[in-house]
Amino acid sequence: AKFSLDVSKSKKISTTLVGIFFEDLNYAADGGLYAELVQNRDFEYKISDTKGRDASWTSTKAWTLKGENATLTIDSIAPIHPNNPHYAKLSIAKVGAALVNEGFDGIVMKAGEKYDFSLFARIPEGKAGKLLVRLVDKNGTIYGETTTPNMTTNWRNYKSVITAKKSVVDAHLEIIPQTTATIHLDLISLFPQKTFKEHKNGLRADLAQTLADLQPKFMRFPGGCVAHGDGIANIYNWKNTIGPLEARTPMRNIWGYHQTVGLGYFEYFQFSEDMGAEPLPVIAAGVPCQNSSVGGPGQQGGIPMCDMDNYVQDILDLVEYANGAVTTKWGKKRAEAGHPKPFNLKYVGIGNEDLITDIFEERFTMIFKAMKEKHPEITVIGTVGPNFEGTDYQEGWDIASKLGVPMVDEHYYQSPAWFIYNQEYYDQYDRSKSKVYLGEYAAHLPGRPNNIETALAEALYLTSVERNGDVVSMASYAPLLAKDKHTQWNPDLIYFNNTEVRPTVGYEVQKLYGENAGDQYIPTEISLSNNQENVKNRIAISVVRDTKSNDLIVKMVNMLPVTVNASVALKDGNFGNSETIKTVLKGTPNDKNAKPVVSKGIATELNSVSLPAYSFTVYRINQS
Ligand code: AHR
């Protein structure tokens with residue numbers, strides 16, 4: 001293969017091209033990225049979280065009473081906050097019994113590390129008294145403990161630091177009242193102090209770092225399906241997810257479990273900022289998932305029009321929460337949460353894969369017009385509809401064109417062959433229409449693995465996304481995270497459990513794109529000795545320049561089962577002896593464990609370079 005780079009024809013491309021899409025699916029949030037170690041800390045689990053599928057999913061899920069002379073019930077007569085109505089009521093006739101939490105598949109602690117423990121408690125009946133709190137394993141070994149001061153009649157928030165004496169992967173939390181009384185307990189929480197950037201109410205450091213290592217240029221949140229829910233009552237409401245934890249409103253997760261919303265909008269904004277990524281909240285377009293119940297008897301396909309003014313105001317308020325002065329109503333709330341500076345929100349997504357119905361159009365138009373009028377500085381990203389067999393996105397595009405929506409969100413999960421044979425997808429896009437956010441994509445094979453075949457198909461396709469980086473502004477692989485034993489969707493980018501984080505080969509591709517982003521695209525002529533279609537489509541190149549570092553970046557994908565010898569040259573001039581960093585990811589198609597190999601060299605080697613069978617090669621040429 002011969003690749004000839006025409007620098008004189010370079011064009012500007014998006015500086016936010018490759019980012020991440022976070023959705024609370026597969027236990028990505030509670031039990032995942034959110035570092036809380038106590039499960040069902042708020043006693044708010046409900047069978048309806050699972051749509052009635054799990055009868056054990058009640059207020060006492062993950063909690064048990066150990067020992068005798070005590071009872072555990074759930075009450076809601078006088079909660080700490082009405083948004084969090086349930087609390088545990090422990091009646092202790094004789095000291096000794098313990099309220100036990102199993103954590104999310106156990107509680108992990110590391111020797112010598114500190115943990116923030118906190119709870120709300122009161123003793124409305126009986127003697128005031130202390131609570132002994134400890135972390136133990138099934139053999140009774142104690143890993144850490146603390147004792148609260150006397151709990152009395154009114155709710156009191158007690159906080160303490162517990163240092164782990166030894167490491168443990170399957171500890172339980174025990175709360176042992178030291179008095180015979182009726183004790184009320186709520187929001188029982190344990191966090192490692194070593195969260196990502198050491199924020200309180202923070203994120204699991206290893207998982208968050210793995211995401212930050214992608215160098216994402218933006219982060220979309222909170223979904224996907226989670227954003228628009230499966231009925232209007234299940235639409236994600238950002239206002240329910242900010243402020244003190246006890247005042248947030250937990251909710252049913254569309255994927256069949258519970259959202260504490262401890263990882264809420266403030267935390268999403270903060271995490272985006274920590275990673276240097278543009279925050280990209282996605283808000284429902286006033287309609288739930290595929291308009292959940294369009295036409296269904298007695299059901300609504302969207303928020304009633306009489307409530308839409310309030311709904312629109314909520315979206316305008318979000319902009320104020322993110323960017324407004326601390327003197328504004330919502331900007332003040334951001335400041336109270338510890339972030340007086342604005343989050344510099346630039347993008348808001350409206351809608352996710354919604355069925356393009358009249359119900360959708362009416363509500364989307366209303367939101368879009370209000371945003372345009374009140375916040376012309378914000379780029380609104382619309383949606384072109386669901387990714388069903390037979391849909392062509394046409395109606396979504398028609399609405400976007402009619403209203404002049406600046407960007408639209410497209411999703412597709414397709415076979416590797418689709419990605420191989422559709423590299424021209426964006427070449428033909430009308431540059432005068434909306435720009436594109438490729439919000440969800442992944443190569444799917446039978447059995448849904450994430451392997452070299454799928455990863456290279458994505459790498460290959462991303463060369464065409466970079467080539468079209470003037471019309472495609474953003475792209476994010478989906479989904480991002482999956483916890484072992486709780487994986488509901490495959491493939492994902494990163495698998496994990498309580499102690500391990502396992503990035504996939506697809507992750508390595510995304511990381512190479514994140515680390516090697518450019519802001520100028522340099523067109524390349526390709527000539528192949530064997531110009532057959534099946535050969536041609538399996539070899540791709542994309543060359544970009546990062547004008548900040550002045551580095552030239554050459555990405556080459558070879559999806560053929562044989563080595564391809566290539567020469568890469570500038571049409572006018574040569575690379576000279578510049579230093580290069582070369583990274584190669586290669587393996588057999590089924591390989592799930594390949595890791596990139598990095599080496600240093602000089603640019604002249606690009607005159608004659610071997611692209612191994614099934615490989616992704618990235619050269620970074622320092623031209624300063
Ligand atoms: O990424 C998983 C799901 O796929 C998203 O929630 C939804 O938008 C899409 O259908």
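Observations on the structure shown:
- The range 222-239, subset surrounded by fewer than 20 Cβ atoms within 10 Å (Cβ to Cβ) and not aliphatic (A, V, I, L, M), residue nearest to the ligand (Cβ to nearest atom): 230
- Given (1) surrounded by fewer than 16 Cβ atoms within 10 Å (Cβ to Cβ); (2) touching a residue at least 40 places away in the same chain (Cβ under 8 Å); (3) of a type in the set (Val, Ile, Thr), index of the condition residue 20 fails: (1)
- Condition met for residue 453 (within 16 Å of the ligand (Cβ to nearest atom) and in the same structural domain as residue 593 (by TED's automatic domain parsing)): no
- Residue count for the range 576-620 under the criterion of being part of a loop (DSSP other than H, G, I, E, B), over 24 Å from residue 550 (Cα atoms) and touching a helix residue (DSSP H, G or I) at 6+ places or on another chain (Cβ under 9 Å): the result is 10.
- Identity of the residue in the range 421-468, more than 23 Å from residue 518 (Cα to Cα) and among the hydrophobic types (A, V, I, L, M, F, W, C), that ends up surrounded by the fewest Cβ atoms within 10 Å (Cβ to Cβ): 445
- Within the range 558-583, the residues that satisfy the criterion of being crowded, with 18+ Cβ neighbours inside 10 Å, more than 19 Å from residue 614 (Cβ to Cβ) and in contact with a Phe, Trp or Tyr (Cβ under 8 Å, 6 or more places away or on another chain) are 568, 580.
- In the range 43-69, the qualifying residues are those that are in contact with a Leu (Cβ under 9 Å, 6 or more places away or on another chain) and free of Cβ contacts under 8 Å to residues at least 60 places away in the same chain, and the one that is surrounded by the most Cβ atoms within 10 Å (Cβ to Cβ) is 63.
- Scope the range 246-267; condition crowded, with 22+ Cβ neighbours inside 10 Å and in a helix (DSSP H, G or I); matching residues: 265, 266, 267
- Comparison of 514, 576 shows that the only residue that is under 28 Å from the mean Cα position of the chain (by Cα) and in contact (Cβ under 8 Å) with a residue 24 or more places away in the chain is 514.
- When the criteria are applied in full, residue 438 meets the requirement of being within 16 Å of the ligand (Cβ to nearest atom) and within 22 Å of residue 278 (Cα to Cα).
- Qualifying residue in the range 81-88 (condition: of a type in the set (S, T, N, Q), more than 16 Å from the ligand (Cβ to nearest atom) and buried (at least 22 other Cβ atoms within 10 Å of the Cβ)): yes
- Count - residues of the range 232-245 that are part of a loop (DSSP other than H, G, I, E, B) and within 19 Å of the chain's Cα centre (by Cα): 4
- Residue 514, sole failed condition from (1) more than 16 Å from the ligand (Cβ to nearest atom); (2) assigned by TED's automatic domain parsing to the domain that holds residue 597; (3) over 17 Å from residue 214 (Cα atoms): (3)
Rundown of residues vs (1) under 20 Å from residue 123 (Cα atoms); (2) among the polar types (S, T, N, Q), yes/no style:
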site	(1), (2)
159	yes, no
169	no, no
174	yes, no
182	yes, yes
190	no, no
193	no, yes
199	no, no
203	no, no
212	no, no
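- From the options 312, 326, residue that is of a type in the set (A, V, I, L, M) and in a helix (DSSP H, G or I): 312
The values are calculated or read from the model by the stated rules, or taken from the named source; none is laboratory data. Just so it is clear, the structure is predicted and the values come from calculations on it, not from any experiment. Cβ: placed from backbone, ideal geometry, glycine included. Neighbour counts: every protein chain shown.
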